[in-house]
Amino acid sequence: MVIKTLSPPGAIKPTGTWSLATRAGDFIFVAGMRGIDPRTNKLVRGHEARIRQAFLNMQLIAQSEGASLRDAVRLVVYVTDMSRLRPLVNKVQAELWGGEPYPPRTIVEVRGLNQDDIAEVEGTFFAPVVARRGKAQEGHGQPDRPGRDK
């Protein structure tokens, strides 16, 4: 199986020893996205706006590989205050998905997130590689490579 590291144009920039996402076969694994405006690399203001931006950051990466939010097969959401933020996550997700069906989702309350943020969203997407087996796949990641990084 070929594993490709993804870093599409317009996405946020990783600030440490991690990648935004990886394609492994027909699946895209998106790292935890937060409410960072990719143009400024700063957190957006407002709880709902920040949660929405986290989902939009994840969406941009999925779309770079031909997937939509509806192609999500699993989501994990981390929030710092379940009772206050879970309703906002539900609202934003319902708006972005446009209604049922929704993917399986786990939501977990955590003590803290990077930069004192309030929410982080990660996702797994199904996006079949349909053509050009044997040719380099198009995309915005690093060149395809067999196996895992060492």
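Things worth noting here:
- Of the residues examined, Ser83 is one that is surrounded by fewer than 15 Cβ atoms within 10 Å (Cβ to Cβ), under 15 Å from Ile118 (Cβ atoms), among the polar types (S, T, N, Q) and at pLDDT 95 or above.
- Restricting attention to the stretch 92-107, the residues that are under 17 Å from Glu122 (Cα atoms) and of a type in the set (D, E, K, R) total 1.
Condition check ((1) closer than 30 Å to Val129 by Cα; (2) of a type in the set (Lys, Arg)) across all residues:
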| site | (1), (2) |
| --- | --- |
| Arg23 | yes, yes |
| Met82 | no, no |
| Val89 | no, no |
| Gln93 | yes, no |
| Ile107 | yes, no |
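- Among the residues of the stretch 93-114, just one is more than 17 Å from Glu48 (Cα to Cα) and part of a helix (DSSP H, G or I), namely Asn114.
- Identity of the residue in the stretch 9-54, part of a helix (DSSP H, G or I) and in contact with a helix residue (DSSP H, G or I) (Cβ under 8 Å, 6 or more places away or on another chain), that ends up surrounded by the fewest Cβ atoms within 10 Å (Cβ to Cβ): Glu48
- Residue list for the stretch 91-111, filter: surrounded by 15 or more Cβ atoms within 10 Å (Cβ to Cβ) and polar (S, T, N, Q): Gln93
- Evaluation of Arg70 against the conditions (1) within 26 Å of Val129 (Cα to Cα); (2) assigned to a loop (DSSP other than H, G, I, E, B) shows that the sole unmet condition is (2).
The values are calculated or read from the model by the stated rules, or taken from the named source; none is laboratory data. Values in this document were obtained by computation on a predicted structure and should not be read as measured data. Neighbour counts are summed over all protein chains in view; Cβ atoms, including those assigned to glycine, are modelled from backbone coordinates with ideal geometry.
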